[in-house]
Amino acid sequence: MKTYPLLIDGELVVTATTDAVFDPATEQVVGHASRADAALIDRAVSAALRAFPAWSADTALRQRTLRAAAVVLREHASEISRLITLEQGRPLKNTAAEPLNAAATLEQFADYAPEAAAPFEEGGKQIRIIRKPFGVVAAITPWNVPVGILFTKITPALRAGNTVVAKPSEHTPLSTLRIAELLRDVFPPGVLNIVAGAGEVGAAIARDPRVGKITFTGSVATGRRIFETAARDIKRLTLELGGNDAAIVLDDVDPETVAEKLFWVAFRNSGQVCFAVKRLFVQRGVFDAIVDALARRAERTRVGNGLEADTELGPLTSRTQYERVAELVDDARAHGARIHSGGAPLEGPGWFYPPTIVSGIGPGSRLVDEEQFGPALPVIPFDDVEEAIALANATPFGLGASIWTGNVERALPLIEQLDAGMVWINRHAEGSKQAPKGGHKSSGLGVEGGGAWGYEHYVQVQVVSVAAP
């Protein structure tokens, strides 16, 4: 069984202490991840700090290196995607795009040229505004989209001239560590360092006073702890945290057509998506038809091992998440909910929970109020659209929200009333290469992705004022 090494200062480091990584479809070990200790974390940050001056000074080198990294990811895309499926569970036909999307991100930022601010005269002075990198950036990534989110973070950071210490989730580190092996000779030593381990490794990196910026995707609870840690040194932060996204369905839709789309924006990756629909508000005139169509779609969904060609939904990635979804559904049932599909774990090995449609509950139920991050969807009727908007906004989260209608003009005056960082009409959880991604309220701080928007969060502004002689 392979032990995957860390990447520190251009060297691959295999440690004596390792963490087993499990295939959630079989509950069998698929590999071991080397675990960083305090000395290795210090070494990684020191290497990044040492590599920073030369890396930040050479724009052409940064662009060439990002393009070369993209070539490597494309060449090894099949291997990487299979490893993601083995450790995370998503069907192979879905993970196939992840390394290719990461390569496209590298290419996008390699070609990106930030627009320089024009100098101006003021009171006998010339004023110039320039952008400077922070130095060492810590990138801490989640388990649900391990490679895609990694490159959303590190690519603009590297293009801006920062060096990086990255840490993947302990649940899905293998694909990231394999990429570290592949990119070892692509990046100059110390520019990209990848370490692994449980939460205390990320916490140690975040505490290091030499780290100038932290970018983190994960739970609100962990985000709060990182926020508190960063405050000690006034570190800059980008946080993409939890969500409890609402979708509002108006009564002028075609139920069958909309139900198919709603199913996938709720259950893609078995519901393990920050921006997935997690609360569905349906106007009463189409409520029964939508619930029935969703339940029928759920019942015919093929749930299984992600390596099998006909699998539509894989397992939950961890036993903890699997047990949490079961607990929330059981709690809803105990409080009078009606279960229209699923509602119980599947038999056999693996952390499989079928897509579950739930009605008969509302705000005040845990399944409605908490982020389930799994394949259980509460569907709630409403009569008045303003009521639905108020219910959608009545949450500490503010990641995404959507309105579904047969008449877009009807939704346009309503959509901006939703308090979320991303809102959609007749779609959900779809991003853009040129638009930012981020949340309101407890769902995050700052934005990522999106060309200039993503780049600007990895630089700081310096104002240069030159007096006339």
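Quick notes on this one:
- No other residue among ILE234, ILE290, ILE248 is touching a helix residue (DSSP H, G or I) at 6+ places or on another chain (Cβ under 6 Å), at pLDDT 95 or above and either outside any helix (DSSP H, G or I) or farther than 29 Å from SER432 by Cβ (or both) apart from ILE248.
- Residue check, GLY161 touching a residue at least 12 places away in the same chain (Cβ under 8 Å) and at positive phi: yes
- Wholly within the stretch 383-469, helices (runs of 4 or more DSSP H) carrying at least 3 residues that are within 17 Å of LEU280 (Cα to Cα) and at pLDDT 95 or above: 385-393, 408-415
- In the stretch 320-328, the count of residues that are out of contact with any Phe, Trp or Tyr (no Cβ under 6 Å at 6 or more places or on another chain), within 18 Å of VAL273 (Cβ to Cβ), open to solvent by 10 Å² or more (accessible area, probe 1.4 Å) and in contact (Cβ under 8 Å) with a residue 60 or more places away in the chain is zero.
- Beta carbons closer than 9 Å, at least 6 apart along the sequence or on distinct chains, never pair a first residue in the stretch 274-303 that is on the phi > 0 side of the Ramachandran plot with a second that is surrounded by fewer than 21 Cβ atoms within 10 Å (Cβ to Cβ) and assigned to a helix (DSSP H, G or I).
- Residue within the stretch 267-288 that is more than 15 Å from the chain's Cα centre (by Cα), of a type in the set (Gly, Ala, Ser) and open to solvent by less than 30 Å² (accessible area, probe 1.4 Å) present: no
- In the stretch 370-408, the residue that is surrounded by the most Cβ atoms within 10 Å (Cβ to Cβ) out of those that are under 14 Å from ARG324 (Cα atoms) and of a type in the set (Asp, Glu) is GLU371.
- Checking each residue in the stretch 208-229 for being within 24 Å of ASP37 (Cβ to Cβ), hydroxyl-bearing (Ser, Thr, Tyr) and free of Cβ contacts under 8 Å to residues at least 24 places away in the same chain picks out only THR222.
- Pairing residues of the stretch 70-85 that are in contact (Cβ under 8 Å) with a residue 24 or more places away in the chain and under 13 Å from ALA102 (Cα atoms) with residues that are open to solvent by less than 80 Å² (accessible area, probe 1.4 Å) and of a type in the set (Phe, Trp, Tyr), at Cβ distances under 9 Å and at least 6 apart in sequence or on separate chains, gives LEU73/PHE151.
- Screening the stretch 23-107 for helices (runs of 4 or more DSSP H) wholly inside it with 1 or more residues that are open to solvent by 50 Å² or more (accessible area, probe 1.4 Å) and under 30 Å from PHE352 (Cα atoms) returns the ranges 77-88, 92-95.
- Selection within the stretch 425-456: residues that are closer than 30 Å to GLU121 by Cβ and of a type outside the set (Asp, Glu). The member of this set that is most open to solvent (accessible area, probe 1.4 Å) is TRP453.
The values are calculated or read from the model by the stated rules, or taken from the named source; none is laboratory data. Predicted model only: the values in this text are computed from it and were never measured. Because the Cβ atoms are built from the backbone with ideal geometry, glycine has one as well, and the counts that use them run over all protein chains shown. The accessibility values were calculated without ligands, DNA or RNA, using every heavy atom of the protein model including side chains. Shrake-Rupley method; radii C 1.70, N 1.55, O 1.52, S 1.80 Å.
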